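The values are calculated or read from the model by the stated rules, or taken from the named source; none is laboratory data. Please read these numbers as outputs of a predicted model, since none were measured by experiment. Reconstructed Cβ throughout: ideal geometry from the backbone, glycine too, with neighbour counts over all protein chains shown. Remember, those area values only see protein heavy atoms, side chains included, never the ligands or the DNA or RNA. Shrake-Rupley method; radii C 1.70, N 1.55, O 1.52, S 1.80 Å.
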Amino acid sequence: MPGYNCAQAHFDHAREFDALRRDLSAMAAEAGCALVTGCAEREGEAIYNTALAIGPNGEVLAHHRKRLLFGDMERATFHKGSGASCLFEYGGRRFGLLICYEIEFPELARDLARQGAEVFLVPTANPEGYEHVQRYLLPARAHENGAFVVYANYCGTENGLTFGGQSLVVGPDGECILSAGRTPALLIGELPTLGVYPPGVLSTQLQDLS
């Protein structure tokens, strides 16, 4: 919210954290489910590319400001986020929150995995022409960390830029569990219990690589 390839809209319609929290919490509580969404967040004169995770009782589970900005539009529009890696627990699992371009960097996903993340949630606005991300990078991030990747991508055309869609869920073995096409879609699935690596093996591998 409010779209992606529309710098002026980010400035005009970015909202402060309390306003975002109030409205999104009401939506989550009404629906009785948790949600994760991307939004333009205002703090004073600064605008951030932000992802919020809200629980079904309206509580804020996670608040992440994108740290790795992509391209001229983002760098001209958004301030760079800072702070620790963003993790939260929900439904007996530990989740890591990244935004779009950030999942393409092994170091960020590895940092979350070291802290116990089982699922990477990634709200995204990836344009056409970058399908290698879904084809190669997401399976690699999932497999090398023994985690699930849930990648929800924008679709359609906005200000002359067409987004690729192809949202997907990848399992710890690097195989696709669920996928969408290039048009709006609702994917519903269940993440199985992690079992690709024997207990303790993954954490040992991560420590050895640090």
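In a strand (DSSP E or B), in contact with a Cys (Cβ under 9 Å, 6 or more places away or on another chain) and in contact (Cβ under 8 Å) with a residue 60 or more places away in the chain, is that true of A62?
no
Where in the range 108-159 are there strands (runs of 3 or more DSSP E), lying fully within it, with 2 or more residues that are crowded, with 22+ Cβ neighbours inside 10 Å?
In the range 108-159, 119-124, 148-153 are the strands (runs of 3 or more DSSP E) which contain 2 or more residues that are crowded, with 22+ Cβ neighbours inside 10 Å.
Restricting to the range 160-190, count the residues that are among the small types (G, A, S), open to solvent by less than 30 Å² (accessible area, probe 1.4 Å) and touching a strand residue (DSSP E or B) at 6+ places or on another chain (Cβ under 8 Å).
Selection size over the range 160-190: 5.
Among the residues of the range 65-82, write down those that are without any contact (Cβ under 8 Å) to a residue 12 or more places away in the chain and either open to solvent by 80 Å² or more (accessible area, probe 1.4 Å) or of a type in the set (S, T, Y) (or both).
D72, R75
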